[in-house]
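Engineer: Shown below is the structure under consideration.
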Amino acid sequence: MTKPAYQRVLLKLSGEALMGDDQFGINRATIDRMVADVAEVAKAGVEVAVVIGGGNIFRGVAPGAQGMDRATADYMGMLATVMNALALADAMRHVGITARVMSAIGIDQVVEPYVRPKALQYLEEGKVVVFAAGTGNPFFTTDTAAALRGAEVGAQIVLKATKVDGVYTADPQKDPNATRYESITFDEAISKQLQVMDATAFALCRDQKLPIKVFSIVKPGALMRVIMGEDEGTLVHV
Ligand SMILES: Nc1ncnc2c1ncn2[C@@H]1O[C@H](COP(=O)(O)OP(=O)(O)O)[C@@H](O)[C@H]1O
Ligand SMILES: O=c1ccn([C@@H]2O[C@H](COP(=O)(O)OP(=O)(O)O)[C@@H](O)[C@H]2O)c(=O)[nH]1
């Protein structure tokens, strides 16, 4: 069997992907399928750190958040990622994967705080580490948290699992004429203002020379193909 192309990866799972076809919340079948994909990778010996988003929960409460102070709304968003992280870790437990949730904001009765050496230790032990609460700061996104934690734990790549199968010339969910890039540089992605990730995340990865692979979480087997270094999704590089 061929060996995985990476030894340690940072996987960014969008919160919205957890919804499946539901309007908001966590879709059981969807989370189980995602966890099965992650388990396959972990069992292949790859060290996996996960950053989970919160859009699936926060979108559900967003109408009530209208007119709210931005920072307050962002803290609510971060708490939403904690709920997703707990659900994800629990689903992992069901398939025999040991996961540890670490939060960027202190809620010690619920999850342990993010402590970098501890996270590194868990990864070395083969545990999946789920980073919750984003960067812990308002005005950031979980994509930026993925770039940050990816750099901190020395991941070889950030794998951005999303609803589309790569980076397109325009949002493919809105523009049917959009075409997919096989690879693209950070500078090009930033200057073209491609919305697949925010500019802060792109800039951080660029500065740290940490490549990003954007691929579909809906497509069966895509994560494993990415891990094996096969042609899948779009590579964003320096
Ligand atoms: N140039 C682009 N290439 C690919 N996807 C894009 C582009 N511009 C916008 N998008 C959108 O970005 C989304 C990916 O971001 P993601 O964080 O997973 O979604 P969300 O913010 O809805 O959770 C895709 O679903 C896609 O519709
Ligand atoms: O470092 C962070 C990460 C997240 N958030 C908040 O948490 C929400 C949920 O994260 P995100 O939208 O990135 O999740 P996803 O789009 O992946 O579901 C964001 O909208 C922000 O309001 C934040 O304030 N700081």
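Engineer: Whole number please: convex hull volume per residue, Cα atoms of region 199-238, in Å³. Please report the intermediate quantities before stating the final value.
Structural biologist: On the way: hull volume 2.8 nm³, N = 40.
So the per-residue hull volume is 70 Å³.
Engineer: Could you give the radius of gyration (one decimal) and Dmax (whole number) of the Cα atoms in the chain, in Å?
Structural biologist: 16.6, 55
Engineer: Give a residue-ordered list of calculated ³J(HN,Hα) values for region 172-178 (Karplus: 6.51 cos²θ - 1.76 cosθ + 1.60, θ = phi - 60°; whole Hz; x for Gly, Pro).
Structural biologist: Values, residue by residue: x, 7, 10, 10, x, 8, 5 Hz.
Engineer: Sorted by average packing, counted as other Cβ atoms within 10 angstrom per residue and highest first, what order do 45-54, 107-116 take?
Structural biologist: Numbers: 45-54: 25.2, 107-116: 13.1.
Descending mean neighbour count gives 45-54, 107-116.
Engineer: What does the charge dipole of region 116-238 about its Cα centre add up to, to the nearest 20 debye, if the Cβ of each Lys and Arg holds +1 and the Cβ of each Asp and Glu holds -1?
Structural biologist: 280 debye
Engineer: Still on this model: In the structure shown, do any of Lys163/Lys192; Lys3/Lys192; Lys43/Lys192 have a Cα-Cα gap over 32 Å, and if so which? All intermediate terms of the calculation are to be shown ahead of the outcome.
Structural biologist: On the way: Lys163/Lys192 20 Å; Lys3/Lys192 35 Å; Lys43/Lys192 38 Å.
Distance filter (> 32 Å) returns Lys3/Lys192; Lys43/Lys192.
Engineer: Springs between alpha-carbon atoms under 10 Å, Gaussian network over the chain: tell me which of Asn137, Asn56, Asn84 tops the mean-square fluctuations.
Structural biologist: Asn137
Engineer: Write down Rg/Rh for region 111-238, rounded to two decimals, with Rg from the C-alpha atoms and Rh from the Kirkwood relation over Cα pairs.
Structural biologist: 0.97
Engineer: Provide the gained length on full extension for the span Glu124 to Arg180, in nm with one decimal, where the gain is 0.36 nm per separating residue minus the Cα-Cα distance.
Structural biologist: 16.6 nm
Engineer: Per residue, what volume in Å³ does the convex hull of the Cα atoms of region 133-202 enclose?
Structural biologist: Measuring per residue, one finds 107 Å³ for the Cα hull of region 133-202.
Engineer: What's the FRET efficiency of Val218 with Glu152 using the Cβ-Cβ distance as r and R₀ = 35 Å, to the nearest 0.05?
Structural biologist: 0.75
Engineer: What residue among Gly150, Gly54, Ser191 has its Cα farthest toward the positive end of the dipole of the chain, where the charges are +1 on Lys, Arg and -1 on Asp, Glu, each on the Cβ?
Structural biologist: Sorting the options by dipole projection puts first Gly150.
Engineer: Give the percent of DSSP beta bridges with both residues in the chain that are antiparallel, rounded to the nearest 5. Write out the running numbers ahead of the final one.
Structural biologist: Values: 4 of 33 bridges.
Roughly 10 percent of the beta bridges in the chain run antiparallel, per DSSP.
Engineer: Could you give the distance between the Cα centres of region 144-209 and region 66-129, to the whole Å?
Structural biologist: So the two Cα centres are separated by 23 Å.
Engineer: About its Cα centre, what dipole magnitude does region 6-99 give when the only charges are +1 on Lys and Arg Cβ and -1 on Asp and Glu Cβ, stated in debye to the nearest 20?
Structural biologist: 140 debye
Engineer: Shifting gears a bit: Enter the per residue convex hull volume of region 1-99, computed from alpha-carbon coordinates, in Å³ rounded to the nearest integer. Provide the component values of the computation, followed by the final result.
Structural biologist: Numbers: hull volume 10.0 nm³, N = 99.
Output value, Cα hull per residue: 101 Å³.
Engineer: Moving on. How much of the accessible area of region 32-106, probe 1.4 Å, is carbon plus sulfur, in whole percent?
Structural biologist: 55 percent
Engineer: GNM on the chain, C-alpha springs below 10 Å: top fluctuator among Ser14, Ser183, Ser191?
Structural biologist: Taking springs between Cα atoms under 10 Å, the residue moving most is Ser191.
Engineer: Given only helices, namely DSSP H runs of n ≥ 4 each adding -39500 (n - 2.57), what is the per-residue ellipticity at 222 nm of the chain, to the nearest 500 deg cm²/dmol?
Structural biologist: Counting only the DSSP helices, I get -12500 deg cm²/dmol.
Engineer: Shifting gears a bit: With only alpha-carbon atoms counted, please give the Rg and Dmax of region 21-162, in Å.
Structural biologist: Gyration radius and largest Cα-Cα distance of region 21-162: 14.7, 47 Å.
Engineer: Work out the length of the dipole vector of the chain about its Cα centre, built from +1 on the beta-carbon of each Lys and Arg and -1 on the beta-carbon of each Asp and Glu, and round it to the nearest 20 debye.
Structural biologist: So the magnitude is around 280 debye.
Engineer: Can I ask one more? Through the Karplus equation 6.51 cos²θ - 1.76 cosθ + 1.60, θ set to phi - 60°, convert the phi angles of region 188-197 into ³J(HN,Hα) values in whole Hz; use x for Gly and Pro.
Structural biologist: Ordered by residue, 3J(HN,Hα) equals 5, 4, 6, 5, 7, 6, 6, 7, 5, 9 Hz.
Engineer: Under a 1.4 Å probe, what is the accessible area of the chain per residue, stated in Å²?
Structural biologist: For the chain, the solvent-accessible area averages 46 Å² per residue.
Engineer: Shifting gears a bit: Where Lys and Arg each count +1 and Asp and Glu each count -1, what net charge lies around Gly20 among other residues with Cβ under 12 Å from its Cβ?
Structural biologist: Its environment carries a net charge of -1.
The values are calculated or read from the model by the stated rules, or taken from the named source; none is laboratory data. Just so you know, these numbers come straight off a predicted model, no measurement behind them. Counting neighbours? That spans all protein chains shown, and the Cβs are built from the backbone with ideal geometry, glycine included. We work out accessible area using only protein heavy atoms, side chains counted, and drop any ligands, DNA or RNA first. Shrake-Rupley method; radii C 1.70, N 1.55, O 1.52, S 1.80 Å.
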